[in-house]
Every structure is written in C-alpha cells, then in structure tokens.
1. How much length is gained if the chain between A:K120 and A:N99 is pulled fully straight, taking 0.36 nm per residue apart and subtracting their Cα-Cα distance, in nm to one decimal?
2. Please give me the summed charge of the neighbours of A:Q169: other residues whose Cβ is under 12 Å from its Cβ, Lys and Arg +1, Asp and Glu -1.
3. For the stretch B:4-180, what is the charge dipole size about the Cα centre, in debye to the nearest 20, if Lys and Arg each add +1 at the Cβ and Asp and Glu each add -1 at the Cβ?
4. Which shape class applies to the stretch A:17-67: rounded if a/c is under 1.5, otherwise prolate when a/b exceeds b/c and oblate if not, where a ≥ b ≥ c are the square roots of the Cα gyration tensor eigenvalues?
5. With springs connecting C-alpha atoms under 10 Å apart, model chain A as a Gaussian network and identify which of A:A63, A:A177, A:A130 has the largest mean-square fluctuation.
6. Can you tell me which of A:45-54, B:149-158 comes out highest on packing, and rank the rest after it, using the mean Cβ neighbours within 10 Å?
7. Tell me the per residue accessible area of the stretch B:4-180 using a 1.4 Å probe; a whole number in Å² is fine.
8. Just the number: Rg to Rh for the stretch A:113-185, Cα atoms, Kirkwood Rh, two decimals.
Amino acid sequence: MRKVISFMHISLDGFVAGPNKEMNWIKVDEEIFDHVGKRISEGDTALYGRVTYEMMENYWPTAGDKPTASKHDIEHSKWYKKVHKVVLSKTMKDTGLTNTTIISDNLADRINEIKQQPGKEILVFGSPAATHSLIQQNLIDGYWLFVNPIILGQGIPLFVDIKDKIKLQLLTTRQFAGGVTELNYIVDRQ
Amino acid sequence: MRKLIMWNVITLDGYFEGNQNWDLSFLNIVWGQELEKLSIEQLNAADYLVFGRVTYEGMAEYWTKEEGEIADLMNAIPKLVFSKTLKSAEWNNTTLISQNASAEIKKLKEQGGRDMYVFGSANLSETFVNDDLFDEYRIGIAPVILGSGRPLFRQGIASKKLSLVSTQPLMTGGVVLSYSR
C-alpha cells in the first residue's frame, strides 16, 4: 500500500509557521533543495490543503520562467506541473483543473482508495490544517521533518488534538550546514 | 564563564512528561547504553545540577533509592534547587535558594568553573530561556507522539535563534540534538 508522508519544516518547539503564518524562519538552501529534490522527484502524487495549494499555484507554475529562476525553481516548477495533485478542500470546485483531485468529504475512504492504487509515495507538502485532519484519522504513515534551529514560542503546531499515542520508527537523520536536521520517521503500526 | 545547559528527553510533539506527574514511560523507549554513557559524561563534567521544586522532589525521591553508577553520581553531585516555597532540601549536597533564580545563575556563571545542567524543571527553564541564560540546549527526541502532557517549551516562551552543534541518532530510535546560543 502506498504511504502518505507528511513533509514539514518545523521549529525545535514543533511549530510549522508563526502565529501570522510567518515562514521566514524556515531555512531552505541549495544543500537542502538538492536533497529534498531527489525524494520529491521520485513521488508521483502531491497532497495539499487548500491554503497551501493556493500558495503553490501562485508560484510554481511559472517559477521556472523568470529570468532570475534558480536551478531549484526550474526543476521544481517542471515537477509541479506534471505531478498529480490531491487537494483537501470543502469549498474548491474541480472544474477546469488538470491533473488535480479535490477531496471534500469522506476523507478516510478517499485517501484509502488512493493508497490502494498502484503508485509511489504520496507527499503532503506543509498544509498544517489538512495534516491535522489526516493525523487525526490515522492516515499519515510517515513524517519527513526538517527541524530548524529556532525556538519560535508560538505559531501553528504540527501536532494538534491527538487522542492516542503514535509510535514511530526513526529511519534516518541528516544534518545540514545551515543548522537544520532532517528526521525521517515511519509510523509503527504494530 | 560557566555554561548553563538544558538537558531533556521529549516526545516528538514536545512533551517532557505525560499527563500524570512523573509519567516518563516514553523514556524507556530511548534509554540504553548510549544515553547512559551521555548521562555519565554530563554528570562527570558538571559542577552543579539545577532544579525547580517539582523536578527536585521527584528526582530526590527516585535517586536516593537507586543504585549504580548514575545513582552514585546523581546523589553525590552538588545540587541547586530554586524555590520560594520549599522549607528544606534534604537530598544530599543540595543548596536551597529562594532568591531570584536568574540573578543567582548569572553570578554563578561569572564565577567560572564547570558546567551547570538543568534537568526537567520546565517552569524554571522557561525563566532561563526568557532571560537568555542557557548556553546550550541538548534535546533527546523519543520516537513517539504522545498527544498530551507537559510541554518543555510552553506557548509564549521567548523566540530564540539557535546554532546546531550536533545530531546524534541513537540505536533505540531516539535522536539527540545539541544547540548552542
């Protein structure tokens, strides 16, 4: 079965954004882009909540065309346009969207359907609200986290309203020159 | 200058204790040779252990009944407990301080000497974070999301940029992240 993996940049105290959605504290440099790019390009499905999806749509489709486009802009823009997108939204309509599936209800059933289909891993990019729903329904199979060297003090937490303990297995860790640590976990369902 | 170092093991969702006082069952997941070695190294390198009242009382109760190398070190090492309500501190080699914790720690840092460690003591630690007194943060992360408990870093704590010193994965699935100011 395909796995749904939460891909998040977090502060040491577990926030994914500041109280006003600030993300300027998140360090993503050349070294991290190269590293995440490899795993991202192996995935064939990206999952977003509506808010993150709108941010992505605003930037990535044309990011590779700017004269100042970085290598990462060009590569990720190409990948973004190709990848199948799943968006969790109760309000969006899917008319006129290519290669995009909207899930507006029956989250567990719809996600499990996708997991049963043949394919690679499904990466959830950021999307804290959607991630909270997925975690609460036990639909997240792994956490691919980038811990930033900062205590934020307040903001949007990654983990919210969790009823039961979730056991994890640490697969890999990696340290980056900018002070970020990658922690790669899968959920231990035994 | 002496360094003030925070050492704690937390769950991935940031709790250093479960909902019940002293629910530290997640510690068992990560404990092993590597953390034992780290604990002994830290205790051998320290001049003081620093506690708030609640952690102090729990630690005193626990360690005075334990045996072994770590217990011997914990029981012998000089300890400071900051509390305005404790009347006496009976654990071996303890100094009870009721005055302003940050002021005392600043004085001790200026004295020079070996490191001071804070274990647990979330309320006291919050004061030290807000007053910018920690020189290092060593955080062991257990491979578990608990859901609820006592957070190490409470909402509203001062924002702090840190510098990553090392990442040490443990054979038990934990990982120790060390940061300096």
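1. Details: separation 21, 0.36 × 21 = 7.56 nm, distance 1.60 nm.
Length gained between A:K120 and A:N99: 6.0 nm.
2. Working: positive: A:K167, A:R189; negative: A:D141, A:D188.
Result for the local shell: 0.
3. Numbers: 15 positive and 22 negative charges, 114 e Å.
About 540 debye.
4. Rounded, since a/c falls under 1.5.
5. Most flexible of the set in this elastic network: A:A177.
6. On the way: A:45-54: 20.6, B:149-158: 18.0.
Most protected by this proxy first, the peptides run A:45-54, B:149-158.
7. Values: 7890 Å² over 177 residues.
In whole numbers, the stretch B:4-180 has 45 Å² accessible per residue.
8. Details: Rg = 14.0 Å, Rh = 14.3 Å.
Result for the stretch A:113-185 is an Rg/Rh of 0.98.
The values are calculated or read from the model by the stated rules, or taken from the named source; none is laboratory data. This one's a predicted model, so the numbers in the text were calculated from it and none came from an experiment. All Cβ positions, even for glycine, are placed from backbone atoms using ideal geometry, and neighbour counts span all protein chains on display. To get the accessible areas, we keep the full protein, side chains included, count just its heavy atoms, and leave off ligands, DNA and RNA. Shrake-Rupley method; radii C 1.70, N 1.55, O 1.52, S 1.80 Å.
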